[in-house]
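Encoded as structure tokens, the structure appears first; notes follow it.
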Amino acid sequence: MLILGIESSCDDMAAAVVKDGRFILSSIVSTQDVIHHKYGGIVPELASRRHLETIIPVVKEALEQAGVTLDDIDAIGVTQGPGLVGSILIGLSFAKAIAYVKDIPFVGVNHIQAHPMAVFLEDRVKGQGSRVKGKAENEKVGSYEDKNFLSSQSPCPLPLAPAFPFIALVVSGGHTTLFKFRDFCDCEILGQTRDDAAGEAFDKVAKLLGLGYPGGVVIDRLAKTGDPSKIEFTRPYISKDSLDFSFSGIKTAVLHWVKGQGSRVRGQGENKLAPCPLPLAPVLNDLAAGFQEAVVDVLTEKAVSACRANNVRDLVVSGGVACNSRLREKLMAKARDNGIRPFLPDAGLCSDNGAMIAATAYHLLKKGARGGLDMNAMPNL
Ligand code: KG4
Ligand code: ZN
């Protein structure tokens, strides 16, 4: 079954053609970073206006790259929410129009629940699997269930997929959520952010440091040459057993540090309050590393706690922040230390893409879901 997946919930316009919910025949993403960079965040009206211009070329390119035409497409999956209403409406209206004209089914997809589905995708364009698998210590590869392997006749042998039930941490610009997935399209929320999403915290900190939008990549890069122990921030665990998150406090702590209100720099005397060493340039990397380390520690700790509390051994991490190099490194290490198998999609499949929407649509369609032509956008889904 060939599914065209369309994703337009925020500032990326993405389309992909996916076969049988698994094989990526094409995946095209048109980003708008250049447009929003100077505002330090997404301007919703600019995002939807740009979507209007890009949706047709992006879908055309996805079809061309897959070597198919609209006549070959069996169904369409499209993001119904959550996200920016104007942005969602562009993709949704377009998907409905194609479904109507071609008389094929379409389904609305929950963007957040679609992120972890990236772990089941195989990229035939690149000829490699999407997943980075971390083998849990004291576990032999041979012990994985056979059902998690594709047949050996497959042109490119597939790496392993997580087994249900698994825990999924979705870390994106708008959401930080821990799910327990019992099956495809069957999940419950175990915890979520009470204020800022992790990606939002990265973006806001980057903005206050004058680093532009999106901020996660820049902070990731700067932090590579910074020392996270030079400027430390309190880790907001909320409470020992809580699987909820709260990142607005760290963001405010960075702001206070920058303003010189109560910063404590190691090496300048125990608990000594240092005046803010503006200009920031000499300490920017340490500041980025200190902030990033605090966020990464909380995400890692809670993801592993969720696995332990639910007695689940497979952990999927996806969403734009899952591209963060330090998060990937720490998650892999901590998961292995705890006998948990971590699954992280390739960076290109962690951030917004149409393939994860198509993969989710495949399973929804298999379960009998069908979208009606009166379907509306659900920005708060
Ligand atoms: O999932 P995504 O592409 O879009 C949403 O659904 O929000 O996530 C975008 C978010 C942005 O906040 C961006 O700053 C963050 O992911 N991000 C990163 C990195 N790459 C993207 N955050 C930290 N480190 C990165 N390397
Ligand atoms: Zn996303």
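Every number here is computed from the coordinates shown, using simple stated rules; none is lab data. Since the structure is predicted, the reported quantities are computational estimates derived from the model, not experimental observations. Backbone-built Cβ (ideal geometry, glycine too); neighbour counts: all protein chains shown.
Summary table
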read-out: Alpha carbon convex hull of region 1-79, volume per residue in cubic angstrom; value: 84
read-out: Isotropic mean projected area of the C-alpha convex hull, region 195-245 (nm²); value: 4.3
read-out: Segment Glu45-Asp72, length gained on full extension (0.36 nm per residue, minus Cα span); value: 6.4 nm
read-out: Under-5 Å amide H pairs with Arg194, H placed in peptide plane, nonlocal only; value: Phe245, Ser246, Phe247
read-out: Extension reserve of the Asp103-Lys366 stretch, reckoned as 0.36 nm per residue once the Cα distance is removed; value: 92.9 nm
read-out: Protection proxy ranking, peptides 225-231, 293-299, average beta carbon neighbours within 10 Å, highest first; value: 293-299, 225-231
read-out: Entries of Lys96/Lys367; Lys60/Lys302; Lys334/Lys367; Lys19/Lys204; Lys240/Lys330 with Cα pairs more than 30 Å apart; value: Lys60/Lys302; Lys334/Lys367; Lys19/Lys204
read-out: Net length gained if the chain between Asn310 and Ser325 were fully extended (0.36 nm per residue, minus Cα distance); value: 2.7 nm
read-out: Protection-proxy order for peptides 204-210, 343-349, each taking the mean of Cβ atoms within 10 Å per residue, highest first; value: 343-349, 204-210
read-out: Among Leu331, Ser318, Pro379 - extreme Cα towards positive end, dipole of region 310-381, charges at beta-carbon; value: Leu331
read-out: Globularity ratio of region 308-370, using Cα Rg and 2.2 N^0.38 Å; value: 1.35
read-out: Gyration tensor over alpha-carbon atoms, the chain, equivalent ellipsoid semi-axes in Å; value: 36, 25, 17
read-out: All Cα pairs of region 45-115, percent lying beyond 16 Å; value: 53
read-out: Theoretical FRET efficiency, 1/(1+(r/R0)^6), r = Cβ-Cβ of Ser242 and Asp20, R0 41 Å, to 0.05; value: 0.55
read-out: Principal-axis tilt of helix 44-66 within the chain, Cα atoms, nearest 10 degrees; value: 50
read-out: Counting DSSP beta bridges with both ends in the chain, the antiparallel % (nearest 5); value: 65
read-out: Farthest positive-ward along the chain dipole, Cα basis, beta-carbon charges - from Ile167, Phe23, Pro282; value: Pro282
read-out: Sequence-distant residues sharing a close amide H with Val109 (under 5 Å, placed H); value: Val78, Thr79, Gln80, Gly81
read-out: The chain, relative contact order in percent, only Cα pairs under 8 angstrom and at least six apart counted; value: 25
read-out: For region 17-63, the Rg and Dmax computed from alpha carbons only, in angstrom; value: 13.6, 40
read-out: Ranked list, fewest to most other Cβ atoms within 10 Å of each Cβ, for Lys96, Lys60; value: Lys60, Lys96
read-out: Virtual spin-label span in nm between Lys259 and Ala281, 7 Å along Cα→Cβ; value: 2.6
read-out: Sorted by Cβ neighbour density within 10 Å, fewest at the top, the residues Asp314, Asp183, Asp123; value: Asp183, Asp123, Asp314
